[in-house]
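The values are calculated or read from the model by the stated rules, or taken from the named source; none is laboratory data. Here the structure is a predicted model, which means the values were calculated and not measured. Here the Cβ positions follow ideal geometry from the backbone for every residue, glycine too, while neighbour counts run over all protein chains shown.
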């Protein structure tokens, strides 16, 4: 059937329009087809177009059961380059060579934060034009900061905030130099572009800034580059085998590394000796069961015996041991030594291998005016 003419009309107003003898209601979008001059067949497509229009949803419209939709196409595009001419242009979803949808698998990129320091802002909550350089870092995990320019004696402090706005909710944060494990909360006084930048962990921070606390002259230009790779903790704060460890000793009654052990003191003699006379001490049992008082643990034997003697005259300190408490063998002796500011003294130490021991002292050729000898059996 030949088509003589095609006429289309859209009625977007109210009331009705007449098209080829048909009444078209408000909101109608349709077409009328005329087949010949004597026998006209008119086809209105209002119903079809209304159904198609129903596939399109207005913003914020609620989803309904049975809603229909249109298939969505995507473009295979291997290169990671934009396919639009300008920011804000429409584009379509992209597929790689394997048919996978390209998504943001690489870190997001955010614009740099820049600004100039030209004045001093002495206090946190009193804004001064040119006294700070700040920016939003709520989507970044770390930033790298660097300053350039011509300036003299400028000192800035690094600060962060948990709030998106406000001038009083700033606090100091740590920054680490890019060329050393040096953690700083301020830049220090700078009069030229430094040979390093600073990295800061800004996870959970909303904003970050540098605030000038001292300045002589010039303009210090700052640039913060935002990163989305988490770097907590700050690398310089991590302990490595090559880093020195400093500690401060604190006075305490509890001694670090000290192991307490039982021991028994013996005051063997304090009676002065005549010339060439000898003192022979009491026989001691290394199991501490024959004499004196038992150790705190009765099953603990003496592990070491220490003997010391002091006199105003020279002599010889000695130690004897026995297997049976009757037959003695001398195994240690020491001649006294003159002590500056004191008299004559000698010491002996013995780790028992036989059960019994005793100490003694033989005086020299001059009568003593004073004499003392003592010993201790130690359990550890």
Q.
When the residues of the range 363-378 are narrowed to those that are crowded, with 16+ Cβ neighbours inside 10 Å and more than 60 Å from the chain's Cα centre (by Cα), which ends up farthest from residue 265 (Cα to Cα)?
A. 364
Q | Selected residue (only one of 119, 145 is under 14 Å from residue 221 (Cα atoms), surrounded by 18 or more Cβ atoms within 10 Å (Cβ to Cβ) and out of contact with any helix residue (DSSP H, G or I) (no Cβ under 9 Å at 6 or more places or on another chain)) | A | 145
Q) over 19 Å from residue 172 (Cβ atoms), touching a strand residue (DSSP E or B) at 6+ places or on another chain (Cβ under 6 Å) and at pLDDT 90 or above: does that describe residue 277? A) yes
Q) Which residues, taken from the range 331-353, are without any contact (Cβ under 8 Å) to a residue 60 or more places away in the chain and not in a strand (DSSP E or B)? A) 336, 339, 340, 341, 342, 343, 351, 353
Q) Taking the range 327-346, which residues are under 19 Å from residue 286 (Cβ atoms) and either surrounded by 14 or more Cβ atoms within 10 Å (Cβ to Cβ) or in contact with a strand residue (DSSP E or B) (Cβ under 9 Å, 6 or more places away or on another chain) (or both)? A) 328, 329, 330, 331, 332
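Do you know which residues across the range 292-309 are at pLDDT 85 or above and surrounded by 19 or more Cβ atoms within 10 Å (Cβ to Cβ)?
305, 307, 309
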Q) In the range 280-291, which residue that is over 15 Å from residue 317 (Cα atoms) and part of a strand (DSSP E or B) is modelled with the highest pLDDT? A) 284
